[in-house]
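Notes follow the structure.
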Amino acid sequence: SEKQEKAEKAFPPAHDEDRSHGLGIAFLGGVVGTTAIYLLGRTSQTPGSNIIQYNAIEDLEKERETLEAAYEKDEEDNDSLLQLINIYSELGYSYRGEGDEEKAVSYFLKAAERSLELKENNPAMATSADYLIAGNYAEAGKLDEAEAIIRGVVDKGSDPLTARIIYAEFLINKRQDQAGANAQIDAALAAATSDGEREYVESLVEQYKLR
């Protein structure tokens, strides 16, 4: 949208390493922020034919094996680790679409475990890793654990805009708490210190239909 394009241009660079991987990352081309919001807001979609779904899972499993092998050779390869986290999450959704909830949950928990590795291996990405841990915990049904992590990021204040929007997304989609979500959105808007930051928040609210 025009508002989102304007926000991309206007949003100022982050002022510290941790914030650079959270605040604004959805517009700066990073995978982490968009994955977090995607995870927290995604709902299971009705799959197509069983053959198409099976082929998709088979392809994802092959990609998982390739990425696991690559990461085992170089555990400092954050790109492979991020891709592996995404593959685990996608497998979780795919198996959920097939009705295999046990396998779906196992992959969401694997994604959360790998996200914890990301946090431990790269402190500069701690906030973004927290988003991924929370998102995958939420999909695995660990809502209290997920909410505690998101609230922790909000309370820490290292990522005052995106954290509140992700929390709002969680409250709407996992807690059905629109009033609580509205409070987080209002707090994010109040925390904005420039027109660019405010437009960033407004664009996410619009994009993810938060109210």
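Largest first, the extents of the alpha carbon coordinates of region 121-211 on the three principal axes equal 35, 32, 21 Å.
For region 50-125, what does the convex hull of the Cα positions come to per residue, in cubic angstrom? Each step should come with its number before you reach the end.
Values: hull volume 5.3 nm³, N = 76.
Taking only Cα atoms, region 50-125 has a hull volume of 70 Å³ per residue.
Taken over region 72-193, the convex hull of the Cα atoms encloses 104 Å³ per residue.
When peptides 163-170, 202-209 are sorted by average Cβ neighbour count within 10 Å, with the highest value leading, the order is 163-170, 202-209. For region 113-160, the share of accessible area belonging to carbon and sulfur comes to 47 percent (1.4 Å probe, ligands and nucleic acids excluded).
Averaged per residue, what accessible area in Å² does region 119-181 show with a 1.4 Å probe, protein chains only?
Working: 2290 Å² over 63 residues.
Per-residue value: 36 Å².
The values are calculated or read from the model by the stated rules, or taken from the named source; none is laboratory data. Everything quoted here is computed from the prediction, not taken from an experiment. Counting neighbours? That spans all protein chains shown, and the Cβs are built from the backbone with ideal geometry, glycine included. Calculation scope for accessible area: heavy atoms of the full protein, side chains included, ligands and nucleic acids excluded. Shrake-Rupley method; radii C 1.70, N 1.55, O 1.52, S 1.80 Å.
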